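Accompanying notes for the structure given below.
Every number here is computed from the coordinates shown, using simple stated rules; none is lab data. Only a predicted model underlies this, so the values are computations on that prediction, with no experimental measurement involved. In this analysis, Cβ positions are derived from the backbone assuming ideal geometry, glycine residues included, and neighbour counts consider all displayed protein chains.
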Protein chains: 2
Amino acid sequence: MNILISEVGPRDGLQSIERIMPLEAKKAWIAAEAAAGVREIEVGSFVPASVLPQMADTAELVAFGNTIAGLTVAVLVPNLKGAERALAAGARKLSIPLSVSETHSLKNLRRSHDQVIDEIARVATMVAAAPAGERAHFEVGLSTAFGCTIEGTVPEDKVVDLAERAIAAGAAEVCLSDTTGYADPAKVRRLVRRVKAAIGDDRLTSLHLHNTRGLGLANVLAGLDEGITTLDASLGGLGGCPWAPGASGNIVTEDLVFMLQAMGYQTGIDLEALMKVRAIVSDALPGEPLYGFTPDAGLPLDFESRAA
Amino acid sequence: MNILISEVGPRDGLQSIERIMPLEAKKAWIAAEAAAGVREIEVGSFVPASVLPQMADTAELVAFGNTIAGLTVAVLVPNLKGAERALAAGARKLSIPLSVSETHSLKNLRRSHDQVIDEIARVATMVAAAPAGERAHFEVGLSTAFGCTIEGTVPEDKVVDLAERAIAAGAAEVCLSDTTGYADPAKVRRLVRRVKAAIGDDRLTSLHLHNTRGLGLANVLAGLDEGITTLDASLGGLGGCPWAPGASGNIVTEDLVFMLQAMGYQTGIDLEALMKVRAIVSDALPGEPLYGFTPDAGLPLDFESRAA
């Protein structure tokens, strides 16, 4: 069974730290991960450089990523303008966030649900204008799907409803995002099942999970049990979590790959090579904490035979 | 659904650090965890004080723990002599380790499998000599059950075989221990299923898991799916892992309780109260690293409603 790891460190990791990683280091990181077998990388975000100067070189990174054979270059776009820039740059996958908590949506994107759904429809139309073979994959990331640090409980009915509306507006797929680290395995199973039942198995194949309370990989397991086949993760858990010093935000790519391969899933990734990529990141961002248990502990003696 | 958390920090945690925690601090720790709702605590190990001076006060701790209503006092015993001392002290649960890797057994306990099985039979006879209502619970901990840092792969047939022999020798139950952090969720499911099929559902109800490679809670989830109802864990992941700086050894009680309660399992534990117990440990062992994500991140806004 094949699982796709979508590396989000160059976007989600780098946008959450203040320092700006130089373009050449980002390229080296992306190239090294691709060489280790990572087949999809979210290289940046098409937000205004005034808002996130860390992401100002996203167009160059898309162009660079597209020179690497077998790599799908993904980007985040906040709106139609960002989507235009993403398509012009040649991105192969676009994700737009839609926060299930409307309070969070208003605060974060300054838009109501209706406004975001309208924007999704406009982006979908633009994406669909390309010839069939060249069309980018357009996904809606349902953020705060498992709970919100402002609203608290996010009703599951609301998640299902917005998933349906996103698909109706023309998105190819939705992704459930545990933006706040509120997910637990029971909730992951329940929600994935409900959303798939509503919009179809092939419209929900991916999860974006955090490790805020240490449950990241348990939540991955719950997702796998429900047929999830794509998992976002960040090398070294880069980015951390602003309100929880010492706690990592995104799940750690290295530990995720270890778990999957130990279980017999195929990821196409050479884990030893992947762990060496950490040096590129720590050289470019001295002192920035990197997370992950497997890099510290090393691989078990029997790893090769289990991964085979 | 009720899940029993067996706190092993005072034994497994404290035996793996050099400093000796004063008896009064140990008592305060045990009392505070019991007050937070923890119903089983492994308070120490009946090994010679010359080998592990950290455990020299185990008899006093058993006596102290027995004064706490509703608390099951568990201890580790390496052999018949230790079991004698444990019973004399009044321990309610005895665990003896049987390492599935015979190389590890010879190195660690200086005994072959046959020798340990003989010792198990002698301990079982001694335990059974008590009147039925006063009999201690006697468990065999199958260490290195998921792999060995010396032998590498540990054949699953060997685990099943030793589980059968331990029960035949008179143990009430076996526990599977991931001493080395080699377990993964697929292996946990497979092995729990096989061992239960061989010796009966009520002969394998507990797992002792480590978080060496970050998979601890995912492995817990796999165990729960197979009907496991007792989980060992250590407050703050105390003890760490000697060959992996920064990596925790035992799974962290606080994160485990968070996951279980968020999923709707009942543990009887007040998580806020449990997290406050960390202060007792860090005051008694200044500078000793404590692990865990939930204590850093805090509880989600909707936690009360989920745990209810």
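Per this entry, A:Ser177 is counted among residues that are on the phi < 0 side of the Ramachandran plot and touching a His at 6+ places or on another chain (Cβ under 6 Å). Within the stretch A:266-290, restricting attention to residues that are free of Cβ contacts under 8 Å to residues at least 60 places away in the same chain and in contact with a Gly (Cβ under 6 Å, 6 or more places away or on another chain), the residue that is nearest to the other protein chains (Cβ to nearest Cβ) is A:Leu290.
Once the stretch B:191-205 is narrowed to residues that are more than 12 Å from B:Ala171 (Cβ to Cβ) and among the β-branched types (Val, Ile, Thr), the residue that is nearest to the chain's Cα centre (by Cα) is B:Thr205. Has the stretch A:141-160 got any residue that is assigned to a strand (DSSP E or B), of a type outside the set (A, V, I, L, M, F, W, C) and surrounded by fewer than 22 Cβ atoms within 10 Å (Cβ to Cβ)? Yes, the stretch A:141-160 has at least one match. When residues in the stretch A:13-24 are screened for being assigned to a helix (DSSP H, G or I) and touching a residue at least 12 places away in the same chain (Cβ under 8 Å), 4 of them pass. Pick from the stretch A:248-298 the residues that are small (Gly, Ala, Ser) and under 22 Å from A:Ile20 (Cα atoms): which of them is surrounded by the fewest Cβ atoms within 10 Å (Cβ to Cβ)? Filtering first and then ranking leaves A:Gly287. Checked against (1) in contact (Cβ under 8 Å) with a residue 12 or more places away in the chain; (2) closer than 15 Å to A:Arg203 by Cα, A:Ala168 passes all but condition (1). Among the residues examined, A:Val160 does not qualify as among the aliphatic types (A, V, I, L, M) and in contact with a strand residue (DSSP E or B) (Cβ under 9 Å, 6 or more places away or on another chain). The number of residues in the stretch B:66-84 that are touching a helix residue (DSSP H, G or I) at 6+ places or on another chain (Cβ under 6 Å) and either crowded, with 23+ Cβ neighbours inside 10 Å or under 14 Å from B:Gln15 (Cβ atoms) (or both) comes to 5.
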